[in-house]
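One structure is given below, encoded as structure tokens.
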Amino acid sequence: MNPLDVPPDPAVPFQPRSGRRGSGFLTGPFRLGTTPSATVGPYLAIGLTWPDGIWAAEEGTEGGIWIRGRVLDGNGVIVLDAMVETWQADPDGGFPSPEDPRGAASYPGFRGHARAQTLSGEFGIYTLKPGRVPDGEGGLQAPHIDVSVFARGILDRVVTRICFADEVQANAEDAVLRGLPEDRRNTLLAIPADDGYRLDIRLQGDGETVFFAV
Amino acid sequence: MGSLVTGSYRPGMTGTTSTGGLHLPRYLHEPDATRTPVGFPDYKSTGLRAPLRTPVDLPHRLTEITGPVLGEDRVTSQDADLTLRNGGEAVGQRILVYGRVLDSDGRPVPDALVEVWQANAAGRYRHVVDNWPAPLDPHFDGLGRVVTDSLGRYEFMTIKPGAYPWGNHHNAWRPAHIHFSLFGRAFSQRLVTQMYFPDDPLFGQDPIYNAIPAAARHRAISRYSLERTQDNWALAFEWDVVLRGTDQTPFETDDDGDVA
Ligand SMILES: [Fe+2]
């Protein structure tokens, strides 16, 4: 047998038994470097426009609210080419995601995710107010929406949260909000409006929104 | 008794942390030395847009380890072929772009929505803001969508995008690139990025490319693939996208698949 006569690769990629290939060291974890982020640039509307993008909940769902706001740059100028994406729990605190270790939740008319551009001067998403979600340390988090902001001039998404100014008790118990100084905490609190809530996102400068490293 | 979980990720394969009765994975952070910073001085628009304050650490809890399920219903079979639009064929060098979506643990990410957009062969986007003097192509809109298969693989047919000028500095040109958007399974894995082509002479003067730390730039560049190049039809470029993983060791499972 010729030891150099190696058979061709199978059509289906090799699946390592352990779920990870070796690093060469028995104790070293195998890890791939992640793909570096890049800006969405000015033409994101070509690739990322969905007809149903802004609807985290179906139109007319009971309890539906609009959350609107502007995205502002360091001079306070409105950013017109940003995209805001949101992800949140349903009113019962469940997520429509198989990743939830409690099991995927299903809430009528609720998708949990919305995507809105700021061409009109502000973003607006239609959703349901999230319920409280366990914090994994025996407590409950305040109702919150995780937010990603993408734009020309931002090389990696920036992440923030929308919380609700009228949830005074829940906010006071929330570990994330409690960890922030008072004046910075306010940058995350959406204010009640006629048909929902409003919150501006300030990318930099005075009143810069709290952004999170996730 | 138990069998090892192998191959691709399954929902419920979690277990890095156990607090308050919940088993939550923790998505690993790419070191600063190999991740793109939010702002980069040579890319002028970052000056007033990139946040200046240090981001606050957010522990990964339920909202961060879950994510929307977005799949087949967002994609039609025509979405994987950008060369046939509006009843005709796009002008340009036809290319097959393919690869796998993986996490940093090496696991394929199946059933993942991949959205792409790009300029046409002349380097022009079909967008009102793009009006530099290069022709539009009536048969090219620059939008593609695909969902990864059970092994995390994706592929689409398109034309090679042209380079285009932009106002960042005198005689600034973007190297040819395709914009990619991916969700993964969790909010923490969300990624928007750009794929480049090998040996582009425009790399040196492009601040968006050079904002990527040198040690990671190669990860943004596709590889020319002779294997998948189609005789008399199209060149092929291979590009794997790696999302954040959770550094989990394999679990022993009962035969019914429950984590033991
Ligand atoms: Fe571009």
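The values are calculated or read from the model by the stated rules, or taken from the named source; none is laboratory data. Note that the coordinates shown come from a computational prediction; the quantities given were computed from them, not determined experimentally. We place every Cβ from the backbone using ideal geometry, glycine too, and count neighbours over all the protein chains shown. For the accessible areas, the whole protein counts, side chains as well, though only heavy atoms, and no ligand, DNA or RNA atoms are used. Shrake-Rupley method; radii C 1.70, N 1.55, O 1.52, S 1.80 Å.
Determine the calculated [θ] at 222 nm for the protein assembly as shown from helices alone, applying -39500 (n - 2.57) to every DSSP H run no shorter than 4 residues and normalising by the residue count; nearest 500 deg cm²/dmol. The partial results should precede the final answer.
On the way: 6 runs with 27 residues, N = 474.
Rounded to the nearest 500, the figure is -1000 deg cm²/dmol.
With a ≥ b ≥ c the root eigenvalues of the C-alpha gyration tensor of the range A:64-202, is it rounded (a/c under 1.5), prolate (a/b larger than b/c) or oblate?
Working: a/c = 1.68, a/b = 1.35, b/c = 1.25.
Here the range A:64-202 falls in the prolate category.
With chain B treated as a Gaussian network of Cα nodes joined by springs under 10 Å, which of B:Asp111, B:Asp73, B:Asp206 yields the largest mean-square fluctuation?
In this elastic network of chain B, the residue with the biggest mean-square fluctuation among B:Asp111, B:Asp73, B:Asp206 is B:Asp73.
Only protein chains counted, 1.4 angstrom probe. Which residues of the range A:140-186 are at least 50 Å² less accessible in the assembly than when their chain is isolated?
Residues meeting the cut-off: A:Asp146, A:Arg152, A:Gly153, A:Leu155, A:Asp156, A:Arg157, A:Arg184.
Considering the options B:Pro55, B:Ala215, B:His29, tell which one lies farthest towards the positive end of the dipole of chain B, charges being +1 on Lys and Arg and -1 on Asp and Glu at the Cβ, about the Cα centre.
The residue sitting farthest along the positive end of the dipole is B:Pro55.
For a label point 7 Å from the Cα of A:Arg102 along Cα→C-beta, name the residues of the range B:59-90 whose backbone N is under 19 Å from it.
So the set is B:59-69.
So, by mean Cβ neighbours within 10 angstrom, what's the order for A:35-48, B:146-159 with the highest one leading?
Values: A:35-48: 22.8, B:146-159: 19.4.
The densest-packed peptide leads the list: A:35-48, B:146-159.
Excluding ligands, DNA and RNA, what is the accessible area buried between chains B and A, summed over both sides, using a 1.4 Å probe, to the nearest 100 Å²? Don't skip to the end; give the middle numbers.
Values: alone 15010 and 13370 Å², together 20690 Å².
What B and A bury together is about 7700 Å².
Could you check which residue among B:Gly162, B:Gly88, B:Gly142 shows the biggest mean-square fluctuation in a GNM of chain B with a 10 Å Cα cutoff?
B:Gly88
What is the range B:166-254 by shape, rounded, prolate or oblate, if you read a ≥ b ≥ c off the alpha carbon gyration tensor as root eigenvalues and call it rounded for a/c under 1.5, prolate for a/b larger than b/c, and oblate otherwise?
It comes out oblate by the Cα gyration axes.
Skip the ligands, DNA and RNA, and give the accessible area per residue of the range A:64-202 with a 1.4 Å probe, whole Å².
35
Once you put a point 7 Å from the Cα of A:Glu182 and another 7 Å from the Cα of B:Ala214, both along the Cβ direction, what distance in nm separates them?
That separation, rounded to one decimal, is 4.9 nm.
Taking the Cα centre of the protein assembly as shown as origin and charging only Cβ (+1 Lys, Arg; -1 Asp, Glu), how large is the dipole, in debye to the nearest 20? Mind dumping the intermediate values first?
Working: 44 positive and 61 negative charges, 237 e Å.
Magnitude of the dipole: close to 1140 debye.
Only four residue types carry charge here, +1 at the Cβ of Lys and Arg and -1 at the Cβ of Asp and Glu. Report the dipole size of chain A about the Cα centre in Debye, rounded to the nearest 20.
Numbers: 19 positive and 29 negative charges, 151 e Å.
Dipole of chain A, to the nearest 20 debye: 720 debye.
Run through the DSSP bridge list for chain B and note the antiparallel percent, rounded to the nearest 5. All intermediate terms of the calculation are to be shown ahead of the outcome.
Values: 37 of 46 bridges.
Around 80 percent of the beta bridges assigned by DSSP in chain B are antiparallel ones.
Taking amide hydrogens as modeled 1.01 Å from N in the peptide plane, which residues meet the under 5 Å criterion relative to B:Asp105, leaving out close sequence neighbours?
So B:Asp105 has HN proximity to A:Leu32, B:Gly245, B:Thr246, B:Asp247.
Please list 3J(HN,Hα) in residue order for the range B:118-124, calculated via the Karplus relation 6.51 cos²θ - 1.76 cosθ + 1.60 where θ = phi - 60°; whole Hz, with x for glycine and proline.
Those phi angles translate into 7, 6, 7, 4, 8, x, 10 Hz.
Where a ≥ b ≥ c are the square roots of the eigenvalues of the C-alpha gyration tensor, would you call the protein assembly as shown rounded, which needs a/c under 1.5, or, failing that, prolate if a/b is larger than b/c, or oblate? Walk me through the numbers on the way to the answer.
Values: a/c = 1.65, a/b = 1.12, b/c = 1.46.
Oblate, because a/c is 1.5 or more while a/b does not exceed b/c.
Under a Cβ-only charge scheme (Lys and Arg +1, Asp and Glu -1), can you give me the dipole magnitude of chain B about the Cα centre, in debye to the nearest 20?
Numbers: 25 positive and 32 negative charges, 204 e Å.
That gives chain B a dipole magnitude of about 980 debye.
Among A:Gln141, A:Gln204, A:Gln88, determine the one that fluctuates most according to a GNM of chain A built with springs between C-alpha atoms less than 10 Å apart.
Its mean-square fluctuation being the largest, the pick is A:Gln204.
Can you tell me the accessible area per residue over chain B, all protein chains present, probe 1.4 angstrom, in square angstrom?
Values: 11220 Å² over 260 residues.
Counting only protein heavy atoms, the per-residue value for chain B is 43 Å².
Ranking request for peptides B:123-131, B:227-235: highest mean number of other beta-carbon atoms within 10 Å first, then the rest in descending order.
B:123-131, B:227-235
What full-extension length gain, to one decimal in nm, is calculated for B:Lys44 and B:Thr229 as 0.36 nm per residue of separation minus the Cα-Cα distance?
Numbers: separation 185, 0.36 × 185 = 66.60 nm, distance 3.81 nm.
Fully extending the segment from B:Lys44 to B:Thr229 adds 62.8 nm.
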